[in-house]
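Notes follow the structure.
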Amino acid sequence: MKSEMVLMNMDERQRLAWFMANRGTLIAVGAVWISMIVWELTHGRMPGFLLAMVPVFALFRLGLYLFYSSKPFTGDGGDKESRLVVAGKAAAAALLLVASLLPIYSVPGFQGQDTRFGYPWKLGPDDAGALFFLAITFLWPLLVFGLGKLGRGRILRTLTQFAEPLLAAGSAVIILWIPQLIFESRVLFNFLITPVTPRPEWGCYLGVAANGLYLVSWMAGFLRPQTVQEG
Amino acid sequence: MKLRNHIKQHRARLNLTQQDLAERTGVRRQTILAIEKGHFIPSALLAFLIARELGMTVDEVFEISEIKNEQEPTP
């Protein structure tokens, strides 16, 4: 997992100091926890939750220790994004771009009319806000890549690191939500269209899948074993 | 046992500052300072990187010195 130490670009001495600071903080938290147990007991109350959590925390710590013990710390430059992760993200960005050119939903024809298809870029050509909204929905990976090209500063790196999964999830939700967004307003003004349910089309499936691929690639990069040494 | 080093001498020979060496090895200047003063023992990888940047081998830059009053462990 990409830790805060990687994001802050800490070297090995700083990481050791960070671990020691974490240890000190844990000891302080433990002391406060024990004080709370003593406080409750001295006031005649049974600190059930506080006591029950002691073995839970102990087991959690043991579990984490065993997990990290089994991980390699090889110093092979694992802090850099692997080619596979970058390829996954790039493929997802390309698929999302293709999805933006396909129909997102269709409305079955009724009373002799043909089926109507909803293409993203034709949804609100006159509305600059809607156009911008769609651009963010389908082209957000380009924005992230652009930010990455701007520099590898600590703040920028941290921002993009946490923005990526949020943007991917947000984009998928919006793509699924587009038909509802359009038809909700029509239902209010035209009761005749109420029984018509928009059906998701290829663009919708592809858009959601592309965001899913991006999320999986991000997760693969995030959970990749990290090195202690950053050379 | 203690890890001694000759980083400072080799830096001076190459006219390198701590900052220069830190940038070349991907660590902070304070880390180079801590290693030079013997306050921090670097990982094997960093030791190799430092030696490489100084144009030396690891055992020319670092050496283990015995502390005189250290007690030998009983078998």
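The values are calculated or read from the model by the stated rules, or taken from the named source; none is laboratory data. Note that this is a predicted model, so its numbers are computed, not measured. What goes into the accessible areas is simple: the full protein's heavy atoms, side chains included, and nothing from ligands, DNA or RNA. Shrake-Rupley method; radii C 1.70, N 1.55, O 1.52, S 1.80 Å.
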Exercise for review: Kindly identify residues of the range A:7-33 having a loss of at least 10 Å² in accessible area between the isolated chain and the assembly of all protein chains, probe radius 1.4 Å.
Suggested key: A:9, A:11, A:12, A:13, A:14, A:16
Point to revise | Relative contact order (percent, whole number), the range B:2-60, Cα cutoff 8 Å, 6+ residue spacing | key: 34
Revision key, fill the gap. For the range B:2-60, the percent of all C-alpha pairs falling in each 5 Å bin, from 0 up to the bin holding the max distance, is 4, 21, 36, 31, 8, 0
Review point. Where is the GNM fluctuation largest for chain B (alpha-carbon springs, 10 angstrom cutoff): B:41, B:50, B:32?
Key: B:41
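Rank these by accessible area, largest first, 1.4 Å probe: A:134, A:159, A:102, A:181. Before the final figure, lay out each step's value.
Working: A:134 15, A:159 110, A:102 55, A:181 80 Å².
Largest accessible area first, the list is A:159, A:181, A:102, A:134.
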Review point. What residues have an amide H closer than 5 Å to that of residue A:106, excluding those fewer than 5 places away on the same chain, when H is modeled at 1.01 Å from N in the peptide plane?
Key: A:118, A:199, A:201
